[in-house]
There are 4 protein chains.
Amino acid sequence: MNIGDDLSPATVIRIRDSFARQGLMRHLGADLAEVKAGLVTIRLPFRPELTQQHGYFHAGGTSSIADSAGGYAGFTLFPEDSSVLTVEFKLNLINPAQGDCLEAQGRVIKPGRTLTICHLDVWATTPDRRIHVATGLQTLICVRGKSA
Amino acid sequence: MNIGDDLSPATVIRIRDSFARQGLMRHLGADLAEVKAGLVTIRLPFRPELTQQHGYFHAGGTSSIADSAGGYAGFTLFPEDSSVLTVEFKLNLINPAQGDCLEAQGRVIKPGRTLTICHLDVWATTPDRRIHVATGLQTLICVRGKSA
Amino acid sequence: MNIGDDLSPATVIRIRDSFARQGLMRHLGADLAEVKAGLVTIRLPFRPELTQQHGYFHAGGTSSIADSAGGYAGFTLFPEDSSVLTVEFKLNLINPAQGDCLEAQGRVIKPGRTLTICHLDVWATTPDRRIHVATGLQTLICVRGKSA
Amino acid sequence: MNIGDDLSPATVIRIRDSFARQGLMRHLGADLAEVKAGLVTIRLPFRPELTQQHGYFHAGGTSSIADSAGGYAGFTLFPEDSSVLTVEFKLNLINPAQGDCLEAQGRVIKPGRTLTICHLDVWATTPDRRIHVATGLQTLICVRGKSA
């Protein structure tokens, strides 16, 4: 299986069910836009509830959806009876996160039996453009025998 | 001025006003627990709206308050007519974020005219203990001539 | 100018002169393989003087050339009377660094007047393959009025 | 056992033997200054072979000894038939690395069966002062059944 390939319907359902259990994603208003093998995109429409002090998206919203996108990108490649935990992540905020919507993409660059490494990227979109607002790296661990 | 010293009432008000304008902190239910020179603590009580798929605090909440705590820790040391932006941060999630409340502390370890570096630490508290759940580093930039 | 474009001969000479003054690069045996706009590659042939305890390249060699490659990638885009300093970098070591040679590439993903952000990647090469051994992110600062 | 406690002579010998096999540490001129439980210090005296273009210590030397100090700090707590690998590290370079000697300290902040997290700090020393030049975080993995 290559990164970006289609997944079985059962795997997509497993990811969507897990995402639906993330109270934070619902509270922020995020949705799962794309679920492919090792590649997940989450969207977060702008709301005043997501701002920092200058009225842009707060880096906390940016990092929340980046972390979830990477976590689920890894999870698509994990065995069925396992769960995913974030070991660490690092994010560079490279442009003001200003727009109608944020789009966070997690992409597996090194799958592994225990550890999986993802690139994280976030864009802010407006009707006429898409700005790269954050780029990062994330280390995930696969925990066996705990489904979710 | 040393890290942890008391600040002038005017500086504390400037920080609290800025924090009050962060829509995300209010939406998550976070409050500013401590504001000292180069040292800020933010608390986030548990709610189902903050969870990941296993019912613990989502790393997004942890990183949101860690980022704000570090940003304001730096901001306490900035000149009046300036604003603070996060350049980047990195967080290691070292224990499950499970408890009644999260407490994030940002502490300046290297103040600077342009860049300021903070340590970030987050604990989960229960009535009888306090677990270290995350540790990180953050780089801030001071932007002159824009108050907030 | 786009990332990967050819540079003026004067800029290439400025980079090569600066690289030649890095005692560490010479001591490790590294050379500057490619100098393009915002894109620099450094090679480091294997020697027993570069190993860790299992006989592979030590992560210190990997990170030394990754840091220099990123620093010079940024420096190609800086004004003439400026110098470059690394603010921070983060590297994930994703495969054992085993091979005849390491190749580190720094690539600017966000140029800026003050801060510049680079992706760092390192491969280990053997006559018949090229393995991705590290990926990272780096923040650089442009310091005016100090040439080097 | 607490961080900073004395280790058995057998463990100290295991660490010193492994360090002695790191060709890079010898080539840079680094030595193991302190080996305690979860706490290791490495020193690197200044030489022109370690410089960057302005004549200070190159960040590559700083990160090489920081990575080794953290790796061995973790290794002191690992079972006998195991080895240590660096998963990732991040370093903020907070002051110019100028002095007679660098001292890198790795300190375990979260030991684990699989993953261990360390704080990394580096100082530059001169006869009359000690400047904090870098601070970082590192994730290590314990690999069973491979001694070294």
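The values are calculated or read from the model by the stated rules, or taken from the named source; none is laboratory data. No experiment lies behind these values; they were computed from the predicted model shown. Don't worry about glycine lacking a Cβ; one is built from the backbone with ideal geometry, like all the others, and counts go over all protein chains shown. To get the accessible areas, we keep the full protein, side chains included, count just its heavy atoms, and leave off ligands, DNA and RNA. Shrake-Rupley method; radii C 1.70, N 1.55, O 1.52, S 1.80 Å.
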Spot the failing condition for A:D67; the list is (1) within 12 Å of chain B (Cβ to nearest Cβ); (2) under 20 Å from C:Q138 (Cβ atoms); (3) not small (G, A, S), and only one is missed. (2)
Starting from residues that are closer than 12 Å to D:A73 by Cα and charged (D, E, K, R), keep the ones in region D:17-46 and report whichever is farthest from the chain's Cα centre (by Cα). D:K36
Looking only at region D:22-55, count every residue that is modelled with pLDDT of 95 or more and either open to solvent by 50 Å² or more (accessible area, probe 1.4 Å) or under 14 Å from D:Q105 (Cβ atoms) (or both) and tell me the total. 21
Look through D:G4, D:G112, D:G55, D:G74 and report the one residue that is within 21 Å of D:V133 (Cα to Cα) and of a type in the set (G, A, S). D:G55
When region D:8-26 is examined, which residues are found to be in contact with a strand residue (DSSP E or B) (Cβ under 9 Å, 6 or more places away or on another chain) and of a type outside the set (S, T, Y)? D:V12, D:I15, D:R16, D:F19, D:A20, D:R21, D:Q22, D:G23, D:L24, D:M25
Expected output for region C:69-82 (first residue closer than 20 Å to C:L44 by Cα, partner assigned to a helix (DSSP H, G or I) and open to solvent by less than 10 Å² (accessible area, probe 1.4 Å), Cβ below 8 Å, 6+ apart or cross-chain) is C:Y72/C:I15; C:Y72/C:S18
For region D:3-49 the number of residues that are touching a Pro at 6+ places or on another chain (Cβ under 9 Å) and in a strand (DSSP E or B) is 1
Across region C:1-21, which residue is most open to solvent (accessible area, probe 1.4 Å) among those that are in contact (Cβ under 8 Å) with a residue 60 or more places away in the chain and more than 14 Å from chain D (Cβ to nearest Cβ)? C:M1
Scan of region A:84-116 for residues that are more than 14 Å from chain B (Cβ to nearest Cβ) and under 17 Å from D:V87 (Cα atoms), ordered by number: A:V108, A:I109, A:K110, A:P111, A:G112, A:R113, A:T114, A:T116
